[in-house]
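To start, the structure under review is shown below, and the notes come after it.
The values are calculated or read from the model by the stated rules, or taken from the named source; none is laboratory data. Computed from a predicted model, the values in this text were never measured in an experiment. Because the Cβ atoms are built from the backbone with ideal geometry, glycine has one as well, and the counts that use them run over all protein chains shown. Surface areas here come from the heavy atoms of the whole protein model, side chains and all, with no ligands, DNA or RNA. Shrake-Rupley method; radii C 1.70, N 1.55, O 1.52, S 1.80 Å.
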Amino acid sequence: MNHDLESIAAILVASGKGILAADETVPTLTKRFDTLGIRSTEDSRRTYREMLFTAAGIEQSISGAIMFDETIRQKSSRGPPLAHALASLGIVPGIKVDTGAKPLAGSPGETVTEGLDGLRDRLAAYRDMGARFAKWRAVFRITDAQPSRACLIANAHALGRYAALCQEQHLVPIVEPEVLMDGEHSIERCEEVTGVVLHAVFGALREQGVLLERMLLKPNMVIPGKESFRRASVQEVAIATLRCFRRHVPVAVQGIVFLSGGQEERVATAHLNAINRLPGHKPWTITFSYGRALQDPALEAWHGLDENLKAGQQALYHRARCNGAASMGAYTDEMEGELVGAGSSAHRREWDDD
């Protein structure tokens, strides 16, 4: 895959395709395994990731896959590295490069994402391992007083420096500013905060000389807090989300690849579909970079058992196909077919999200 950054970004948002986020840290994936009684070992985690990456037909709906450091260093059961197994299917290998959100000094309850130290050398090494894009996640919590100005500036600056280093090292940066669903806030408050965050992030990207045509944005949708007394319809979420992004995301950005952020998998698909069905010009490709909303049914169908590998792959293929259709506004309830209920999401909110 010897393409320039603009071409790789275009491949990642190709029509009808999105990105599989499989970059959970070892502690996070272990929590998910523990919930289902699966023993978490280096081998079991490799088996799980290989099941996802080699699902038959997955390349029809998945353009890229984000890996964790452990995964990109692992070999498949057939010998080649997992990154090479992805590339052989035409799926672009990617890598999570931040080292997680840590408490922000002087701002109780807020975090700043770390990992800039030594990042240039790590990016070069990951490229040598086969990665062609990278991801960095910043987290913003909504309260009446948060996010603070300090939190906005610190995280936006880190995202800008990360993205500039990626482009210097010939990797497409995925910039992920996530406004969390946790809390009682209204959809209006989420739209307000998301707009402020995007404004700060693109200001920092501009200051660091990041070329917007050579990056992708991975944001949250505009959704009321999980504890909000007033829920929002699928259409309300779609309208608020597109309005916010039209106001704050430059047209030069190649694509918006939404995170699922804890939404139930079919709801995440319905929201993406509704956004793409809204009338009017959309200057960017709008698709998905889902983790839990793609993996949940596959993980539960597999359940850590070799005899269930095919069932796990079928569950992933199904969700990927539905989301691929949603990225074109072509998803329907009828597409859910026989795999409806293939995975319960009752335990989702207990998981940390990387």
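Inside segment 123-142, residues that are of a type in the set (Gly, Ala, Ser) and open to solvent by 50 Å² or more (accessible area, probe 1.4 Å) make up a count of 0. Within the set 184, 188, 207, the sole residue that is over 20 Å from the mean Cα position of the chain (by Cα) and either over 30 Å from residue 264 (Cα atoms) or among the polar types (S, T, N, Q) (or both) turns out to be 207. Taking each residue of segment 89-102 that is within 15 Å of residue 171 (Cα to Cα) and basic (Lys, Arg) and looking for partners that are open to solvent by less than 10 Å² (accessible area, probe 1.4 Å) and part of a strand (DSSP E or B) with beta-carbon atoms closer than 8 Å, six or more apart or interchain, yields 96/66; 96/67; 96/134; 96/135; 96/136. Here residue 145 qualifies as open to solvent by 30 Å² or more (accessible area, probe 1.4 Å), aliphatic (A, V, I, L, M) and farther than 30 Å from residue 80 by Cα. Residues that are assigned to a helix (DSSP H, G or I) and open to solvent by 60 Å² or more (accessible area, probe 1.4 Å) occur in segment 294-308; there is at least one.
Kindly evaluate residue 15 against the criterion of being surrounded by fewer than 24 Cβ atoms within 10 Å (Cβ to Cβ), without any contact (Cβ under 8 Å) to a residue 40 or more places away in the chain and of a type outside the set (A, V, I, L, M). Give the steps one after another, and end with the answer.
Details: surrounded by fewer than 24 Cβ atoms within 10 Å (Cβ to Cβ): yes; without any contact (Cβ under 8 Å) to a residue 40 or more places away in the chain: no; of a type outside the set (A, V, I, L, M): yes.
When the stated conditions are applied, residue 15 does not pass them.
Taking every residue in segment 61-80 that is of a type in the set (A, V, I, L, M, F, W, C) and pairing it with any residue that is open to solvent by 20 Å² or more (accessible area, probe 1.4 Å), at least 6 positions away or on another chain, the pairs with Cβ-Cβ distances below 8 Å are 62/17; 68/25; 68/26; 68/354; 72/81; 72/129.
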